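Report on one structure; see the data block that follows.
The values are calculated or read from the model by the stated rules, or taken from the named source; none is laboratory data. Predicted, not measured: the structure shown is a model, and the values here were computed from it. Because the Cβ atoms are built from the backbone with ideal geometry, glycine has one as well, and the counts that use them run over all protein chains shown.
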Amino acid sequence: MTSFPGLARLSLVTLLALLMAGCGLFQRNEPTETLPVDQMYEEAKRSLVGGNLSRAERYYTRLIARFPFGEYTEHAQIELAYTQFRAGRYPEATSTINRFIRTYPTHEHIAYAYYLKGLINFSRENAFTERVARLDMTQRDQSSVRQSYNDFAELIRRFPDSIYAADARQRMVYLRNQMARHEINVGTFYFHKGAYLAAAARGQHVLETYPQSEYQYDAVALMGASYARLGQDDLSQDSRRVLQLNEPNHPWLSGEWPQRRGRLGRLNPFGGNR
């Protein structure tokens, strides 16, 4: 009499063997497992240029794993970081570019690596055309903004004459204004909660930390409005005189500021009307 459990076990073993053989055959036929390094790099590059970011990432990643040393691998690592950046995979891109900087600190493209690192953090928190109009910046984490600013500052410190320095400086101006604006929005929040001393302190902080930013006169106005509520009329009048001399059209002078929402018209760092 035939044992059914025995046949079942035999069928299962046969099925597993076929599956394992199929996996081995798949791996042998998978281009990323068989192509030489130069062809793998060309395929990855072609995919990146063509916009197939997932395929480019797959080829770059496997190239680095199969060929951990050499010129192709060096270029693959920095291009993998750019691919991940383009795909919006910012944590992965940050990890890849940091690894490149640690591994190749004297590479011919190390200045670009620092620039790309700054761009990654810049893009992580600064898709302002899509996000800022919907979000109060007082509720946004500024860590990536500060990190991006520091990344660009490091680039300029190390490579002041690089082709990326001018753009990095322009982005730093924007980031500095954004950090100042964040502080103004926090101060405005305190003002409307009745924490006038804390609001005035935020205005003072902006003047001391971000002098000559786009929001320096908002800081003066915030201080003036807060001092008025605190009954410190002399200080409030001092603020009013500063504005009358330097920004006579500021809305606080006509009683229209501070409002609960930020002055979004000042956001664009690369042009447009304030």
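Just for region 146-164: of the residues that are touching a residue at least 24 places away in the same chain (Cβ under 8 Å) and polar (S, T, N, Q), which one is surrounded by the most Cβ atoms within 10 Å (Cβ to Cβ)? So the residue we want is Ser148. Taking first residues from region 67-91 that are closer than 15 Å to Glu57 by Cα and modelled with pLDDT of 95 or more and partners that are hydrophobic (A, V, I, L, M, F, W, C) and assigned to a loop (DSSP other than H, G, I, E, B), the Cβ contacts under 6 Å between residues at least 6 apart in sequence or on separate chains come to Thr73/Phe67. Just name the residue that is nearest to Arg124 (Cα to Cα) out of those in region 140-160 that are charged (D, E, K, R) and either under 10 Å from the mean Cα position of the chain (by Cα) or at pLDDT 95 or above (or both). So the residue we want is Arg146. For region 20-44, residues that are buried (at least 17 other Cβ atoms within 10 Å of the Cβ), modelled with pLDDT of 95 or more and not hydrophobic (A, V, I, L, M, F, W, C) total 2.
For the criterion of being modelled with pLDDT under 95 and surrounded by fewer than 16 Cβ atoms within 10 Å (Cβ to Cβ), Gly272 passes.
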